[in-house]
Amino acid sequence: MSRAPDGGRIPAPLLVPAALGTAFLVLPVVGLLVRAPWSSLGAQLAAPGVGEALRLSLISATLATLVSLVLGVPLAWVLARSRIRGRSVLRALVTVPLVLPPVVGGVALFLVLGRRGVLGGPLYDAFGISIPFTTTAVVLAETFVAMPFLVISVEGALRAGDARFEDVAATLGADRWTTFRRVTLPLVAPGVAAGAVLCWARALGEFGATITFAGNFPGTTQTMPLAVYLALQREPEAAIVLSLILLAVSLATLLLLRDRWLGRAVP
Amino acid sequence: MRRSLLVPSFAVALALTACGGSSAGEEAASTSSSSAPASEEVSGTLTVFAAASLTDVFGELGDQLMADHPDLDIQFNFAGSSALAAQLEQGAPADVFASADEAQMARVTDAGLAGDAKPFASNRLMLAFPVDNPAGLERPETAGIPSIADLLDRDVTLAVCAPEVPCGAAAAEVLDRAGLGDVPDTYEDDVRAVLTKVQLGEVDAGLVYRTDVLTAGDQVGAWAFSEAEAARNRYPVAVLDDAPNPEAAQAFVDLLLSDEGHDALTEAGFFEP
């Protein structure tokens, strides 16, 4: 009983840094809200290109998340469950995009998928297909930068998950693929969902790799972060408005998803 | 020593109002009267905000000034002029601002952050292309400088600067004049990004400054075109009113406007202002 009143209290050594951390993360956003040109908001919203950039951002971030799910969940399983040699090297390699400056990532994508690239070159010569400066390039750039977030989340969930359920499934005669589909995946669904949300958010905010590899063309490759950056050079107020739109849409999406999807999965 | 600067700034005011290029030669000649004031107390830290296209030549001039004044340390902030103007508007501390066009300098002077700005150079766009010329662009066999419309096919992949930055404003003017406004495939955030894409061979051509072409050496091919002259951008420099180190700032501007500065700019490929 003596623990009950203390249990609700946050110890001061944790409370103070936590409060400072919150302030540090939230105050800049408050600053955006305070400095926003509310009177001209309508005009800024109606400015040509804003809707286009927002639509492109949402579509490309969603596609990048889907690609990351299809490729990243199996990759996370390999990292967490398989016994292949050099697994720790593999893990380090696939998380390189986390530390690589995204602009360098964009150049690296050129070297592989550009029309002079290792893979892009033959593709261009044989079929005349050039990936840079297309919406496909935007999705690829975002996937490159965002997929490691998903892989790490899912791998963490797999490691934390109880492998005995899988062992039981195996003893009951399920092969590894069936076990993965029917047992493992449902068990780590919250981890996959959390990873997908992180991945989507990172893709939505992606700037460096996108402007390098996909360029900047309204309607095709100009996503919201690119529009914000260029608006900042001309008219900071417009940049603030664009940022607020991105903020509002991403918050709304995440809240909606949390209720619908994460809310059910996470107790 | 300081007073002699009134002469060039007066000539500059004339050059600013008269947009024609004819007064440019005279103006440059008059700046030669100012020489570096070696006797001044110049020390401490000097912060220079300068357009990305000035990176190499300002680095050289900075080294020279620091050699003349051993107690001086120069910090450069090279970026797109628009980004620099935005930073200055937000209160970034700086002594000198050198912009790649008058529009971005006007943002700073209109905000009351600097007095009069002096043009010190100008730059022109060229059509740069990868050395192996993947689009097979051809220069017509004519005397004189061709129009960009004669150099560029409509179906090439073309990179230009975004209209928000000075090189993009110039590029838009060039392409609009030639009726090629719909040809670009990407609007890059600064001129070096355009140059990189040309060097990598990912675009067939790009509009970059003549100075960038010289920097790239034999890594790119480039042609001049006739529309560039009218769309050239002038580079103004100003000492900021709140400069923490006004003596050093003035020394840097004096060096820039001196014969030495003029020679360094010419060697880097800049034109008269």
The condition from (1) within 14 Å of chain A (Cβ to nearest Cβ); (2) over 30 Å from residue A:123 (Cβ atoms) that residue B:193 misses is numbered (2)
Please note which helices (runs of 4 or more DSSP H) are completely contained in region B:1-99 and include at least 3 residues that are modelled with pLDDT of 90 or more.
-> B:55-68, B:81-89
Select from region B:255-273 the residues that are assigned to a helix (DSSP H, G or I) and touching a Leu at 6+ places or on another chain (Cβ under 7 Å) and write down the one among them that is nearest to residue B:44 (Cα to Cα).
-> B:255
Check on residue A:252, within 15 Å of the chain's Cα centre (by Cα) and part of a helix (DSSP H, G or I) = no
Looking only at residues in region B:100-113 that are of a type in the set (Gly, Ala, Ser) and either over 20 Å from residue B:231 (Cα atoms) or part of a loop (DSSP other than H, G, I, E, B) (or both), which one is farthest from the other protein chains (Cβ to nearest Cβ)?
-> B:112
Give the residues of region B:127-151 that are surrounded by fewer than 24 Cβ atoms within 10 Å (Cβ to Cβ), hydrophobic (A, V, I, L, M, F, W, C) and touching a residue at least 12 places away in the same chain (Cβ under 8 Å), sorted by residue number.
-> B:131, B:135, B:137, B:145, B:149, B:151
Scanning region B:155-178 for residues that are assigned to a loop (DSSP other than H, G, I, E, B) and in contact with a helix residue (DSSP H, G or I) (Cβ under 7 Å, 6 or more places away or on another chain), which turns out farthest from the other protein chains (Cβ to nearest Cβ)?
-> B:178
Return the total of residues in region B:119-147 being touching a helix residue (DSSP H, G or I) at 6+ places or on another chain (Cβ under 7 Å) and part of a loop (DSSP other than H, G, I, E, B).
-> 8
Here are B:248, B:243: which of them is farther than 19 Å from residue B:168 by Cα, over 20 Å from the mean Cα position of the chain (by Cα), crowded, with 24+ Cβ neighbours inside 10 Å and more than 14 Å from every other protein chain (Cβ to nearest Cβ)?
-> B:248
Looking at this structure, is residue A:27 closer than 30 Å to residue A:136 by Cα and either part of a helix (DSSP H, G or I) or modelled with pLDDT of 90 or more (or both)?
-> no
Return yes or no: is residue B:116 assigned by TED's automatic domain parsing to the domain that holds residue B:257 and part of a loop (DSSP other than H, G, I, E, B)?
-> yes
Restricting region A:201-215 to residues that are of a type in the set (A, V, I, L, M, F, W, C) and not in a helix (DSSP H, G or I), the one nearest to the chain's Cα centre (by Cα) turns out to be A:207
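Out of the residues in region A:221-249 meeting the condition of being in a helix (DSSP H, G or I), under 23 Å from residue A:141 (Cα atoms) and not aliphatic (A, V, I, L, M), tell me which one is nearest to the other protein chains (Cβ to nearest Cβ).
The selected residue is A:229.
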Picked from region A:90-127 (must be among the charged types (D, E, K, R) and within 14 Å of another protein chain (Cβ to nearest Cβ)), the residue nearest to residue B:199 (Cα to Cα) is A:116
Taking region B:73-99 as the region of interest, how many residues are within 14 Å of another protein chain (Cβ to nearest Cβ) and over 17 Å from residue B:57 (Cα atoms)?
-> 11
Would it be correct to say that residue B:181 is closer than 19 Å to residue B:228 by Cβ and either of a type in the set (Gly, Ala, Ser) or within 14 Å of chain A (Cβ to nearest Cβ) (or both)?
-> yes
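The values are calculated or read from the model by the stated rules, or taken from the named source; none is laboratory data. None of these values were measured; they are calculated from a predicted model. All Cβ positions, even for glycine, are placed from backbone atoms using ideal geometry, and neighbour counts span all protein chains on display.
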